[in-house]
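Q: The following block contains the structure, expressed as structure tokens.
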């Protein structure tokens, strides 16, 4: 047993959640079950679409809550098990989340400035995606130890803020597509996105290295994997700007990223209800 750990007997119940295949659905499940004092921990396997719940007492009310999401949830098994808690492990996860948050916040500042200087909507959109992720990581840290009602209020505020960012960004893409905008600085687009890609790759390495099965850590890995794809998209857009001598590839990737941010905001607002 780890130093500082304790062990207690609990129920271990496994559910199949057929319509849970991404971080957004995982967050909806977490928020739905948040506030149930009987639950000790949640462990998600998005690939297999399974949820393992460690809890006290029966599982019937947990299943009812999951059924209300209409994710096609079924009970697989339930058994008695042992639950370990470790203050050292929690501290390590906090430190890791702070590291990931710091990297995302730093690249938000770098990319928003570089995007403005380069005239690139792709970089500016990616910077706001970094900001959205920073908010998610910050909420994960802040919400620890707080009541479920406060967590939902915080999630709701972050969802409205993220939606406002997406709407402003989409309107700016529309304005630029209708106006006579110049060609963005493709060299800066590619260079800054490349370093952002390295930053996200470092975050992904740190998260994978933790080997954590906790829900918020698994979600963070998925968010960061998506960010890597976004960075690659901006780099490709920069290359297309060179090939076409046109601002439209940059506007297109900006539009896609802002749409992703808007979709994430809608999911967060659904969680906060």
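Q: Taking neighbour counts of Cβ atoms within 10 Å as a proxy for exposure, in what order, fewest first, do 257, 242, 235 appear?
A: 242, 235, 257
Q: Same structure, new question: For 19, 59, what ranking results if the residue with the fewest other Cβ atoms within 10 Å of its Cβ goes first?
A: So the residues, fewest neighbours to most, are 19, 59.
Q: Sort 25, 111 so the one with the fewest other Cβ atoms within 10 Å of its own Cβ comes first.
A: Going from sparsest to densest Cβ surroundings: 25, 111.
Throughout, read-outs are computed from the coordinates displayed, never taken from laboratory work. All values derive from a computational prediction rather than experimental measurement. Neighbour counts are summed over all protein chains in view; Cβ atoms, including those assigned to glycine, are modelled from backbone coordinates with ideal geometry.
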